[in-house]
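The values are calculated or read from the model by the stated rules, or taken from the named source; none is laboratory data. The shown structure was predicted, so the numbers you read here are calculated from the model rather than taken from an experiment. Glycine gets a Cβ as well: all are built from the backbone with ideal geometry, and neighbour counts include every protein chain shown. Surface areas here come from the heavy atoms of the whole protein model, side chains and all, with no ligands, DNA or RNA. Shrake-Rupley method; radii C 1.70, N 1.55, O 1.52, S 1.80 Å.
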Amino acid sequence: MSAVAKQNPSDTETSKTVGAQAKLHGRGRVLSIQSHVVHGYVGNDAATFPLQVLGFEVDAIHSVQFSNHTGYKHFKGQVLGSSDLESIMSGLRSNNLLHYSHVLTGYIGSVSFLEKVSEVVTELKRMDKTVCYICDPVLGDDGDMYVPKELLSVYKEKLVPIADIITPNQYEAEWLSDVAIKSQSDAFTAIDRLLDMGAQTVIITSTFVETGQSQVLLGKNKNGEITRVEMPKIKAHFTGTGDLFNALLLAWSHEGLQSSCEKAVCTMQAVLRRTLQHYELLSGTDCVSAVEKLELRLIQSKKDIESPPSSPYST
């Protein structure tokens, strides 16, 4: 005789209450855990404004707090530890403020902090099963890993299995899936591997195989839906693009895999074009560094955030 697990009625009522309270905040309330810079737009600073423009309340917890992003010649600041995260969560918990529709995570630089993040997500999902977790597994790019390698196992064992949406770039997808991506077929093999590990939707945000003069986003979910979005390669080094993309993806995720990816890509490309135009306009200005000239033009792109262009190639 098989045993049937009974759900605790109080758990059901708690979930309904938390979900209802989260929905009181416009389109939802997002707990965003990622980096913060005083100057510029990466991490929470790239994600918060677009989400607010699109109707979401955002509670931001900073994994690091720096003067500026690390692409500058100098940067100063602090790295938060797991005890700092628990202290913040304890305050929110004590005041009954853990009412979230979404959790978004980005750059995290320590193993203990990442492990604590997995506990936070698990706690919020236990309180409300409808909480959607979007995980950007920031490990590195272009062949370079810029976080401690020990984070890889934490992502594999604790974050991927609880992610509703995971958004690695090609390099990160290879590390997480143990699949070398040299073709589109390889990319979908990697995606299937990550789906088997527990993720509900996997989106490789940029691949450079079989693409010619473009880069391609590839995605798939547990329902078997597949998306492929082609976008132009812009010859400049931007910072914060992944953080921006994930915020936009979260905002449009209610529209389904294809539409949410298309809208996020179209807005992001519009922001990058505007940023490049700004860079070219200041090209003869020596008092402003090249890195600063390429800070994302987010505020100036409010209309494109609210109403995504119809194509990634729109000018």
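Looking at the calculated P(r) for the stretch 152-236, what percent of the C-alpha pair distances fall above 20 Å?
I get 28 percent for the Cα pairs in the stretch 152-236 exceeding 20 Å.
Over the stretch 185-315, what percent of the accessible surface lies on carbon and sulfur atoms, probe 1.4 Å?
Looking at the stretch 185-315 in its full context, I get 48 percent from C and S.
Picking from 161, 148, 50, which is most flexible by a Gaussian network model of the chain using Cα springs under 10 Å?
The residue with the greatest mean-square fluctuation here is 148.
Please identify the chymotrypsin sites (Phe, Trp or Tyr not before Pro) of the stretch 163-260 that satisfy two criteria: DSSP loop assignment and at most 15 other Cβ atoms within 10 Å. Which are they?
The qualifying sites are 208.
Distance in nm between label sites at residue 184 and residue 122, each 7 Å beyond Cα in the beta-carbon direction?
Reported label-point gap for residue 184 and residue 122 is 3.9 nm.
Roughly how many nanometres apart are two label points built 7 Å out from the Cα toward the Cβ at residue 73 and residue 153?
Output for this residue pair reads 4.1 nm.
Would you calculate a helix-derived [θ] at 222 nm for the chain, using -39,500 (n - 2.57) for each DSSP H run of n ≥ 4 and dividing by the full residue count, to the nearest 500?
When only DSSP H runs of four or more count, the value is -12500 deg cm²/dmol.
Exposed loop trypsin sites (Lys or Arg not before Pro) only (DSSP loop, at most 13 other Cβ atoms within 10 Å): please give the longest stretch of the chain free of them, not including the sites. Can you show the working numbers first?
Values: sites that count: 6, 73, 76, 129, 149, 182, 222, 233, 235.
Looking at the chain, 236-315 is the longest stretch - no exposed trypsin sites (Lys or Arg not before Pro) with at most 13 other Cβ atoms within 10 Å.
Evaluate Rg over Rh across the chain, taking Cα atoms for both radii and Kirkwood's formula for Rh.
Reported Rg/Rh, Kirkwood definition of Rh: 0.96.
For the stretch 178-288, what does the convex hull of the Cα positions come to per residue, in cubic angstrom?
121
Among the GluC sites (Glu not before Pro) in the stretch 238-315, which ones are in a DSSP loop with at most 15 other Cβ atoms within 10 Å of the Cβ? Mind listing them?
Counting only loop positions with at most 15 other Cβ atoms within 10 Å, none of the GluC sites (Glu not before Pro) in the stretch 238-315 qualifies.
Please give the FRET efficiency for residue 223 paired with residue 280, using the beta carbon to beta carbon distance and R0 = 51 Å, rounded to the nearest 0.05.
0.75
Please report, for the Cα atoms of the stretch 109-188, the Rg to one decimal and the Dmax as a whole number; what are they, in angstrom?
Every Cα atom of the stretch 109-188 included, Rg and Dmax give 13.4, 41 Å.
Can you give the charge dipole size of the chain about its Cα centre, rounded to the nearest 20 debye, using +1 on the beta carbon of Lys and Arg and -1 on the beta carbon of Asp and Glu?
540
Report the convex hull volume per residue for the stretch 70-128, counting only C-alpha atoms, in Å³. Intermediate values should be presented prior to the final figure.
Numbers: hull volume 5.9 nm³, N = 59.
Here the figure is 100 Å³ per residue.
Whenever you get a sec, line up 72, 107, 155, 146 from highest to lowest accessible area (probe 1.4 Å, protein heavy atoms).
Correct descending sequence by accessible area is 146, 107, 72, 155.
Just the accessible area per residue of the chain, please: how many Å² with a 1.4 Å probe?
Using a 1.4 Å probe on heavy atoms only, each residue of the chain averages 46 Å².
Once every Cα of the stretch 99-257 carries one equal point scatterer and solvent is ignored, give the base-10 log of I(q)/I(0) from the Debye formula at q = 0.14 Å⁻¹, two decimals.
Results for the stretch 99-257 at q = 0.14 Å⁻¹ read -0.67.
With bins 10 Å wide starting at 0, give me the P(r) of the stretch 47-166 over every alpha carbon pair, in whole percents.
Pair shares across the bins are 12, 41, 37, 10, 0.
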